[in-house]
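First up is the structure itself, then whatever we jot down about it.
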């Protein structure tokens, strides 16, 4: 699959950008959104989850703390570098939408795309790949 993101390259996102996003997740209305997402996912203990567009790893870490086996993927190297520094032992990968083709069919119980779809130009292709790797009855 060709690159599907609207931005011309991932250097658009730097460490300061990711730290500012995390700050937003921890305050105000964004904090409410974090609580809603985690509540909707429910008990994730033992579940295999893909956090696609994981940025600096905030949600990836939150889910890991709750017992999920999480893989975080982001196409911005700055985000993945920061995530690896801060949250050791979590599987973080630099990758874009083509990375999804490397995962087996029905390999995840849930797939998160938080603050991602608005950056994607070929949303149908991305959603189809997510359906392929999501287990029957899984969440996205």
Which pairs turn up if I take residues in the range 125-140 that are over 15 Å from residue 97 (Cα atoms) and look for partners that are exposed (fewer than 15 other Cβ atoms within 10 Å of the Cβ) and at pLDDT 90 or above with beta carbon separation below 7 Å, at least 6 apart in sequence or on another chain? 135/106; 136/106
Kindly indicate whether residue 7 is surrounded by fewer than 20 Cβ atoms within 10 Å (Cβ to Cβ) and at pLDDT 90 or above. no
Against the definition (buried (at least 21 other Cβ atoms within 10 Å of the Cβ), touching a helix residue (DSSP H, G or I) at 6+ places or on another chain (Cβ under 8 Å), at positive phi and in contact (Cβ under 8 Å) with a residue 60 or more places away in the chain), how does residue 57 come out, yes or no? no
Going by the structure shown, is residue 72 farther than 23 Å from residue 30 by Cβ, assigned to a strand (DSSP E or B), free of Cβ contacts under 8 Å to residues at least 40 places away in the same chain and touching a strand residue (DSSP E or B) at 6+ places or on another chain (Cβ under 9 Å)? no
Could you tell me whether the range 35-49 includes any residue that is crowded, with 22+ Cβ neighbours inside 10 Å and either farther than 20 Å from residue 120 by Cβ or touching a residue at least 12 places away in the same chain (Cβ under 8 Å) (or both)? yes
Checked the range 94-118 for anything assigned to a loop (DSSP other than H, G, I, E, B), modelled with pLDDT under 95 and touching a strand residue (DSSP E or B) at 6+ places or on another chain (Cβ under 6 Å); matches are 95, 113
Flag for residue 17 being at pLDDT below 85, farther than 14 Å from residue 87 by Cα and crowded, with 20+ Cβ neighbours inside 10 Å: no
Tell me, yes or no, whether the range 106-119 has at least one residue that is under 19 Å from residue 20 (Cβ atoms), in contact with a helix residue (DSSP H, G or I) (Cβ under 7 Å, 6 or more places away or on another chain) and touching a residue at least 12 places away in the same chain (Cβ under 8 Å). yes
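Residue by residue, here is whether (1) in contact with a strand residue (DSSP E or B) (Cβ under 9 Å, 6 or more places away or on another chain); (2) outside any loop (DSSP other than H, G, I, E, B) holds:
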{"site": "34", "(1), (2)": "no, yes"}
{"site": "43", "(1), (2)": "no, no"}
{"site": "49", "(1), (2)": "yes, yes"}
{"site": "124", "(1), (2)": "no, yes"}
{"site": "130", "(1), (2)": "yes, yes"}
Taking the criterion of being at pLDDT below 90 and not in a loop (DSSP other than H, G, I, E, B), would at least one residue in the range 83-92 satisfy it? no
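The values are calculated or read from the model by the stated rules, or taken from the named source; none is laboratory data. Worth saying up front: this structure is predicted, and the values here are computed from it rather than measured. So basically every Cβ, Gly included, is an ideal-geometry build from the backbone, and we count neighbours across all protein chains shown.
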